[in-house]
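All of the numbers you see were taken from the coordinates with simple rules; none came from a lab. All of these numbers come straight from a predicted model, not from anything done at the bench. Reconstructed Cβ throughout: ideal geometry from the backbone, glycine too, with neighbour counts over all protein chains shown.
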Amino acid sequence: MLDGVIPPAEDGGPVRLLGSRCGCCGEVFFPARAICTNCSAQRGEPWEFGPEGVLYTYTVVREPPGLPPRAFGQVDFEGKVRVQGRILGDFASIRIGTRMKLVLRSNADGLPAGFAFRPSENEGASGVG
């Protein structure tokens, strides 16, 4: 398993992330933390979230010359945690508030290399709200 990434089940379920939730104050974190930065408790519990969130912000990198543009963004999950990562697919039409889903990102050998975001197929209206 990749750190903090719960891959889809063999039946094609969604990708999820594994963070932590403080057993004392309820603060959530990704990546998981042993000590809560809100109350200093050491009572972290596993907390799964995803597979969809709302795009908080993003940027498109167009450097260096000769490489295709790449996009990176921050996605809010369940209104509790914001995660940063690469945006895959056609990012020309995304806007702040777009619903995004977690996907596995592969390396050059086709092996899982981490997670990324892709606009959700369920994206009809803005995810802001």
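Could you check the stretch 59-98 and list, in sequence order, the residues that are more than 20 Å from P7 (Cα to Cα), charged (D, E, K, R) and in contact with a strand residue (DSSP E or B) (Cβ under 7 Å, 6 or more places away or on another chain)?
R70, K80
Looking at R82, R70, R43 in this structure, which one is out of contact with any Gly (no Cβ under 8 Å at 6 or more places or on another chain), under 28 Å from C24 (Cβ atoms) and among the charged types (D, E, K, R)?
Matching residue, one of R82, R70, R43: R82.
Just need a number here: residues in the stretch 8-27 that are among the aliphatic types (A, V, I, L, M), over 16 Å from D76 (Cβ atoms) and surrounded by 14 or more Cβ atoms within 10 Å (Cβ to Cβ).
2
Can you name the residue in the stretch 28-58 that is closer than 23 Å to L2 by Cα and small (G, A, S) and, of all such residues, is surrounded by the fewest Cβ atoms within 10 Å (Cβ to Cβ)?
A34
Here is a list: P46, P69, P112, P51. Which entry is closer than 23 Å to A9 by Cβ and over 16 Å from the mean Cα position of the chain (by Cα)? Spell out the reasoning first.
On the way: P69 fails: closer than 23 Å to A9 by Cβ; P112 fails: over 16 Å from the mean Cα position of the chain (by Cα); P51 fails: over 16 Å from the mean Cα position of the chain (by Cα).
When all the criteria are applied, what remains is P46.
Mind telling me which of the residues G13, G23 ends up being over 19 Å from the mean Cα position of the chain (by Cα) and either of a type outside the set (K, R) or under 24 Å from E121 (Cβ atoms) (or both)?
Selected residue: G23, the only one of G13, G23 that is over 19 Å from the mean Cα position of the chain (by Cα) and either of a type outside the set (K, R) or under 24 Å from E121 (Cβ atoms) (or both).
Pairs under 6 Å by beta carbon, first residue within 10 Å of F49 (Cα to Cα) and in contact (Cβ under 8 Å) with a residue 60 or more places away in the chain in the stretch 10-30, partner surrounded by fewer than 19 Cβ atoms within 10 Å (Cβ to Cβ) and charged (D, E, K, R), six or more apart or different chains?
Partner pairs satisfying both residue conditions: R16/E48.
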